[in-house]
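Report on one structure; see the data block that follows.
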Amino acid sequence: MSSLAGSRVVVVGLGRSGVAAARLCRSHGADVTAIDHAPVEKLSAAAVGLRDVGVEVIAGDLSRFDFHPASFVVISPGVPNFPSLLAAEAAGMAVIGEVELACRFLPEVPVIAITGSNGKSTTVTLVGELLQAIGMKPFVGGNLGEPPCEIVPRPNAAGHLAAFDFDSVVLEISSFQAERVPTFRPQAAALLNVSPNHLDRYDGFDHYVAAKGNIFQNQKADDIAVAPVDDDRCVAQARRGDGELYRFGPSSFVSALYAYDADEIVDRRTGDRFARKDIRLSGDHNALNVCAALALISRFQPAADVVRELLARFEGLAHRIVRVAEVAGVTYYDDSKGTNVGATVAAVRGLPEKRVVLIAGGRDKLGSYEPLVEALRDRGRAAVLIGEAAPRLAEAIGDAVAIGHAASMDEAVAVASAMAQPGDAVLLSPACSSFDMFRDYKHRGEVFVAAVRALARHPS
């Protein structure tokens, strides 16, 4: 797209992505209508401010909204399907996501896309820092950070496109963002892993996996598709396009081009080796993230010494299995970003402590908790349950471990502290979303950290 002059665009959803999409379309000459189910008093100042640039803003009940005669519709990732939208799409109207829109306006720079149930944010951030370490200037965003529509070049007063400030684009892609990407073509794409998630939105696990796999569908033979060597579902998705398949995983698999064991990570294409004792990120789940990141940047041929130095100082991200404190011989970990069962299982099994008191619960995503129950049988001391999912979690856990209940995070930390024994870990890894009790997972993690620090000041 070079111009949208004369087009009518409807943007659905006025969170940050939707606002950025509306502004982008308006700057390129489109007649834009932006709509949201929330009443106008609930919209952000940025959303209401779209009216100042000539965007029509409609808020409230959209059940009878008429999408015709729009040229196309841009839907924000958090917006579920609703009848009038599906009817317009069934009638032939193009409906695309914010990522698809942004990439239609991007200049010719390499795009790297990363999705998966777990590890996306860490891998995206690591890829961005590796690219910076080799002298590039990447934009890092998507589901993590800024929406890509915010940084796409816009016309200036003279009608010329502003300069693009980046030489590469690294995007974290959620399954929601990957639902409508008919032309999106990343030059390197990775599906890190899959575990049941968002089953309140999808018609089963396979539908969820297929949504993530859409990032591969337009790849060409000179692109790279990255998938775990031991997950046939992920490999099948990576093969939906024509990208060259790079597998990663345990070194026991000879077909893993990027492999790890207890001692090192190996790039089998180049022979470069990276000692795990010198890598700041710990745990096998992070070894997998490093392998995937190395595969994604392989076309840039990074020097091994540069990679080694970066891996020695990259600490990972907040709220992702972060050690908070040790109190009375018990170590407390913040993994508030563990918002699905797979992430929580990896956290429980990956901690160095032999026994774990798990704080879990929140808004239920309706997947099976059985893998978590098995992990608790193996490694758990107890589980402290919070939020809307607590009754279902308690039913699933049964007598696998002792169960405590709490109505707040402060109470959960106190209960967990009472149930833990010296040498144990207390782990916040909820396996659920946060929106029943908190603004987001960051808020949940911050409240947990504050409670742990209060406990450390006044241990009982």
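The values are calculated or read from the model by the stated rules, or taken from the named source; none is laboratory data. As the structure is a computational prediction, the values presented were derived from the model and not from experiment. Note that each Cβ is placed from the backbone with ideal geometry, even for glycine, and that neighbours are counted across all protein chains shown.
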Test: residue in segment 76-95 that is among the hydroxyl-bearing types (Ser, Thr, Tyr) and not assigned by TED's automatic domain parsing to the domain that holds Ser174: yes
When you look at Phe67, is it within 19 Å of Ile151 (Cα to Cα), surrounded by 17 or more Cβ atoms within 10 Å (Cβ to Cβ) and aromatic (Phe, Trp, Tyr), yes or no? no
Just one of (1) more than 12 Å from Ala431 (Cβ to Cβ); (2) assigned to a loop (DSSP other than H, G, I, E, B); (3) among the hydroxyl-bearing types (Ser, Thr, Tyr) trips up Ser368, so point out which. (1)
Residues Ala34, Ala38, Ala47, Ala5: which one is assigned to a strand (DSSP E or B), small (Gly, Ala, Ser) and over 22 Å from Asn214 (Cβ atoms)? Ala34
If we keep just the residues of segment 183-215 that are without any contact (Cβ under 8 Å) to a residue 60 or more places away in the chain and of a type in the set (Gly, Ala, Ser), which is surrounded by the most Cβ atoms within 10 Å (Cβ to Cβ)? Gly213
I need the full set of residues from segment 43-62 which are free of Cβ contacts under 8 Å to residues at least 12 places away in the same chain and surrounded by fewer than 13 Cβ atoms within 10 Å (Cβ to Cβ), in order please. Ala45, Arg51, Asp52
Please tell me if Val226 is in contact with a Leu (Cβ under 7 Å, 6 or more places away or on another chain) and among the aliphatic types (A, V, I, L, M). yes
Count, please, the residues in segment 166-185 that happen to be among the polar types (S, T, N, Q) and over 17 Å from the mean Cα position of the chain (by Cα). 2
Flagged in segment 174-211 as outside any loop (DSSP other than H, G, I, E, B), touching a Gly at 6+ places or on another chain (Cβ under 9 Å) and at pLDDT below 95, in numbering order, are Phe205
Counting only residues that are of a type in the set (Gly, Ala, Ser) and under 21 Å from Phe184 (Cα atoms), which one in segment 8-29 is farthest from the chain's Cα centre (by Cα)? Ala22
